[in-house]
Every structure is written in structure tokens, then in C-alpha cells.
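Comments concern the structure below.
Values quoted throughout were computed directly from the atomic coordinates according to the rules given, and no laboratory measurement underlies them. If you're wondering where the values come from, they're calculated on a predicted model, not measured in any experiment. Don't worry about glycine lacking a Cβ; one is built from the backbone with ideal geometry, like all the others, and counts go over all protein chains shown.
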Amino acid sequence: MTNADLIAAALAVRDHAYAPYSNYPVGAALLAASGRVYTGCNVESASFGATVCAERAAIVKAISEGDRQFEAIAVVTHDGGAPCGICRQLMLEFSPTMVVLIADTRGNVRSACLRDLLPDGFALEHGQK
């Protein structure tokens, strides 16, 4: 799976987003170490705390299917917005070195290692004695 394929999958699932409050649809495509791709879109709620981000939707889908190691995630928004802090923290829990591809709808793409997006993030090893 190429980066372009992953971005295309994120762009396609973005069309399914439910974003009546922010009008900010987001699509994500997550590449698991197994080679499987899991997609997700944001789903907003009038009770804003119940809103689910696209990245977390894809991660939860992958975990529910038995995958817990991830190589890359592509996130597509109209303006190239990066994953929020909650999403970064959840991604760190499973794959701190995964590649994060951040794309806009015009085809601009930037990439970063997750550790660079969340330096000094709280990880499982911090809670162990």
C-alpha cells in the first residue's frame, strides 16, 4: 500500500463524515502491520464530548478486528488539519513510531513521525513499576 493509496482511502471515507456542527469533515485510513487498512470518519454529536474523531474511529475499528500494531495513518481535511491531542495520545498507545500523513483536499501532503507530533507523550511504560 502506497502513501497515495492510503490518502485516497482517507479522502473517500471523508465523504461519510457526519459533521453538522463544525462543517469540518475528516477522513482517516490506518495501515496495520498486518497489511490491512481500516478507515474512519468523524461523527459529531450535539453533546460535543460524544463526538468521535476519524482517527479514533479507524483505530477502534482495527482493534475490534484484532490489529494492534500500525505503520501509518493518513488524515484528510479540506485544509490539512493535524490530528487532535486525544487522537495523538491514542495512536501513541499502540504505535509511537507510526508515520502520520496529513493531507488536504488539494493534494498537499506532509508527513511526520507520531513521536514528533506528541513529544514526551504519556505511554504505557510510564504507568509501570
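Could you count how many residues in region 9-24 are assigned to a helix (DSSP H, G or I) and either buried (at least 16 other Cβ atoms within 10 Å of the Cβ) or in contact with a Pro (Cβ under 8 Å, 6 or more places away or on another chain) (or both)?
Just the residues of region 9-24 that are assigned to a helix (DSSP H, G or I), to begin with: 9-14.
Applying the additional criterion that residues be either buried (at least 16 other Cβ atoms within 10 Å of the Cβ) or in contact with a Pro (Cβ under 8 Å, 6 or more places away or on another chain) (or both) yields 9-11, 13-14.
Result for region 9-24: 5.
Of Ser45, Ser34, which residue is polar (S, T, N, Q) and over 25 Å from Gly121 (Cβ atoms)?
Ser45
Say we look at region 31-53 and pick out the residues that are assigned to a loop (DSSP other than H, G, I, E, B) and hydrophobic (A, V, I, L, M, F, W, C); which of these is nearest to Asp104 (Cα to Cα)?
Once the filter is applied, the top-ranked residue is Cys53.
Does Ala28 satisfy the condition of being part of a strand (DSSP E or B), within 23 Å of Pro119 (Cβ to Cβ), touching a residue at least 40 places away in the same chain (Cβ under 8 Å) and touching an Asp or Glu at 6+ places or on another chain (Cβ under 6 Å)? Outline the logic, then answer.
On the way: part of a strand (DSSP E or B): yes; within 23 Å of Pro119 (Cβ to Cβ): yes; touching a residue at least 40 places away in the same chain (Cβ under 8 Å): yes; touching an Asp or Glu at 6+ places or on another chain (Cβ under 6 Å): yes.
Taking the combined requirement at face value, the residue satisfies it.
Cβ-Cβ distance below 7 Å, separation of 6 or more or different chains: which pairs start in region 95-108 with a residue that is within 17 Å of Asp15 (Cβ to Cβ) and end on one that is of a type in the set (Ser, Thr, Tyr)?
The qualifying pairs are Asp104/Thr77.
Kindly evaluate Arg88 against the criterion of being surrounded by fewer than 21 Cβ atoms within 10 Å (Cβ to Cβ), under 20 Å from Asp116 (Cα atoms) and among the charged types (D, E, K, R).
Working: surrounded by fewer than 21 Cβ atoms within 10 Å (Cβ to Cβ): yes; under 20 Å from Asp116 (Cα atoms): yes; among the charged types (D, E, K, R): yes.
Taking the combined requirement at face value, the residue satisfies it.
Going by the structure shown, is Ala74 closer than 13 Å to Gly27 by Cβ and in contact with a Phe, Trp or Tyr (Cβ under 7 Å, 6 or more places away or on another chain)?
Working: closer than 13 Å to Gly27 by Cβ: yes; in contact with a Phe, Trp or Tyr (Cβ under 7 Å, 6 or more places away or on another chain): no.
Answer is no for this residue.
For region 52-76, give me the residue count where each residue is surrounded by fewer than 19 Cβ atoms within 10 Å (Cβ to Cβ) and over 21 Å from Leu11 (Cβ atoms).
Total meeting the criteria: 6.
Please identify the pairs in which a residue from region 1-23 that is charged (D, E, K, R) has its Cβ atom under 7 Å from the Cβ atom of a residue that is assigned to a loop (DSSP other than H, G, I, E, B), counting only partners at least 6 apart or on another chain.
So the pair list comes out as Arg14/Pro25; Arg14/Val26.
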